[in-house]
Amino acid sequence: MAVTADTELSAGESDAILRAIHAESTASADLTPRSREVLDRALAEGRLVIAFVNGQLAGWGLREPLAPGVFELGYTYTRPEFRREPVFRVIAHKIVETPATYVLATYHPSMLEFLARELGFMETSLARVLIVSRGRFLTKRLSREARRSVGKRLRTGRPRYGLLK
Ligand SMILES: CC(C)(COP(=O)(O)OP(=O)(O)OC[C@H]1O[C@@H](n2cnc3c(N)ncnc32)[C@H](O)[C@@H]1OP(=O)(O)O)[C@@H](O)C(=O)NCCC(=O)NCCS
C-alpha cells in the first residue's frame, strides 16, 4: 500500500480531518491530548504531518517547538486498521525533514530502537532532555489533562528518551 505524508490540506477537507485527528487522539490512552487550537496552529505552521493510505486518513504526528532549533517528535499515531504498513515510518521521516534537534519520549522500547536504526536517534536521559529543551519538555506536560494522561501510562510503563542532533 502506498503511504504518503502531507503537511498541507485543502481548505475543503481540513476541518473534517482535524476533527477526526482530535477526536481519535483524545480517545487514545497512548497520546497526551492536544487542543484543537494547538492542532490548527501546527497545521498552519506546517508542523502537523498527516499520513494517508490510498487517500484515507491513516495517521499523524507533530513537530512541536520546545526551544530555538529544538523540537519534539510527538503525538504520533497510526489508526489501528493501518498499523504495520508502515505509516509511522513515513511520518517520522517527514517530521525530521526540517534540520533541527529532535527529542522523543516513548513508552515503547522498540520504537526507540526503530528510530535509532532508521534516523539515528540516540537514547538519552530525562535530565538531558530538560537541558536541551530549556525545561519546556516538562512545562508542556503540566496541564491537568497532560498530567492525567502521562500518569496513567506511568502506571504500566517506563518512558525512554531519544535525541537526534
Ligand atoms: C506505535 C505506532 C505509532 C506504530 O505505528 P505503525 O504505523 O504500526 O508503525 P510502523 O509499521 O511504521 O513500524 C515502525 C516501527 O514501530 C515499532 N512498532 C510498531 N508497532 C508497535 C507497537 N504496537 N508497539 C511498539 N512498537 C511498535 C516497531 O519497532 C516498528 O519497526 P520494526 O517493525 O522495523 O521493528 C502505533 O502502534 C500507534 O499509533 N500506537 C498508539 C499511539 C502511540 O503509542 N504513539 C506513541 C509512539 S512513540
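The values are calculated or read from the model by the stated rules, or taken from the named source; none is laboratory data. Not measured: the values here are computed from a predicted model. So basically every Cβ, Gly included, is an ideal-geometry build from the backbone, and we count neighbours across all protein chains shown.
Hey, any hits in the stretch 63-75 for a residue that's at positive phi and surrounded by fewer than 20 Cβ atoms within 10 Å (Cβ to Cβ)?
Start the filter on the stretch 63-75 by keeping residues that are at positive phi, which leaves 69, 75.
Restricting the remaining residues to those that are surrounded by fewer than 20 Cβ atoms within 10 Å (Cβ to Cβ) gives 69.
Yes, the stretch 63-75 contains a residue that is at positive phi and surrounded by fewer than 20 Cβ atoms within 10 Å (Cβ to Cβ).
Can you confirm whether the stretch 88-98 contains a residue that is modelled with pLDDT under 95 and of a type outside the set (Asp, Glu)? Looking for residues that are modelled with pLDDT under 95 and of a type outside the set (Asp, Glu), one finds at least one in the stretch 88-98, hence yes. If I ask for residues that are away from the ligand (no atom under 12 Å from the Cβ), aliphatic (A, V, I, L, M), surrounded by fewer than 18 Cβ atoms within 10 Å (Cβ to Cβ) and in a helix (DSSP H, G or I), which ones from the stretch 103-131 would you list? Answer for the stretch 103-131, where residues must be away from the ligand (no atom under 12 Å from the Cβ), aliphatic (A, V, I, L, M), surrounded by fewer than 18 Cβ atoms within 10 Å (Cβ to Cβ) and in a helix (DSSP H, G or I): 126, 127, 130, 131.
Look at the stretch 139-165: where a residue is closer than 22 Å to residue 35 by Cβ and a partner is hydrophobic (A, V, I, L, M, F, W, C) and exposed (fewer than 14 other Cβ atoms within 10 Å of the Cβ), sitting 6+ places away or on another chain with Cβ atoms under 8 Å, you get 149/29; 152/29; 153/29. In this entry, residue 136 passes the filter for residues that are at pLDDT below 95 and crowded, with 17+ Cβ neighbours inside 10 Å.
Suppose the filter is small (Gly, Ala, Ser), surrounded by 13 or more Cβ atoms within 10 Å (Cβ to Cβ) and out of contact with any strand residue (DSSP E or B) (no Cβ under 7 Å at 6 or more places or on another chain); does residue 25 pass it?
Details: small (Gly, Ala, Ser): yes; surrounded by 13 or more Cβ atoms within 10 Å (Cβ to Cβ): yes; out of contact with any strand residue (DSSP E or B) (no Cβ under 7 Å at 6 or more places or on another chain): no.
Criteria not met by residue 25.
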